[in-house]
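Trainee: Can you read through this structure? Questions will come right after.
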Amino acid sequence: MILVNGLNVYPRQIEEVLYQFPSVREAAVIGVPDARKGEQPLAFVSANDGATLGRARPAAILRERLADYKLPRQIIILPGLPRNATGKILKTQLREMPAAGQVPGGARMASE
């Protein structure tokens, strides 16, 4: 759970909206610290094979279906999300990327 201005934001709710976009293969949402709001949602997505993924369409879909405080302030597009041996997305590794100021090769950071 992510706390934005004291309001509960469930990452799964944002991820389910991202999965409605046909080009999205994988999606994960984490909370990152924000000095003013406590935390902000940050989305990581990867595209289906052969599909291109721009930030405008997923952002528009999110804006239509989610309240403003639930909108991710950034969408980071990766070739693939890190997974463990059983196939679960490793959100701990995703949390380390923005904290270290690093985005792996092939990734694009896209602000709204």
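Trainee: Could you grab the relative contact order for segment 2-111? Cα pairs under 8 Å, six or more apart, rounded to a whole percent.
Mentor: So the answer I get is 25 percent.
Trainee: Here is a follow-up. According to a simple spin-label model (label point 7 Å from Cα along Cα-to-Cβ), what is the distance in nm between Gln93 and Asp49?
Mentor: So the two model labels end up 2.0 nm from each other.
Trainee: Also, quick follow-up: Less than 16 Å apart at the alpha-carbon level, and either on another chain or at least 8 residues along: which lysines does that give for Lys37?
Mentor: Lys70
Trainee: Determine, for Lys37, Lys70, the number of other Cβ atoms within 10 Å of each Cβ, and report the residues in order from fewest to most.
Mentor: So the ranking, lowest neighbour count to highest, is Lys37, Lys70.
Trainee: Within segment 16-88, what percent of beta bridges assigned by DSSP are antiparallel, to the nearest 5?
Mentor: 70 percent
Trainee: What full-extension length gain, to one decimal in nm, is calculated for Met1 and Ala67 as 0.36 nm per residue of separation minus the Cα-Cα distance?
Mentor: Difference between extended and current length: 22.2 nm.
Trainee: Okay, moving on. Could you name the aspartates and glutamates in cross-link range of Lys91, using Cα to Cα under 20 Å and dropping any fewer than eight places away on the same chain?
Mentor: In chain and number order, the partners are Glu15, Glu16, Glu26, Asp34, Glu39.
Every read-out reported here was derived from the displayed coordinates using simple, explicitly stated rules and does not represent laboratory data. Nothing here was measured: the structure is a model prediction, and the numbers come from that model. Virtual Cβ from ideal backbone geometry, glycine too; neighbours counted across all protein chains shown.
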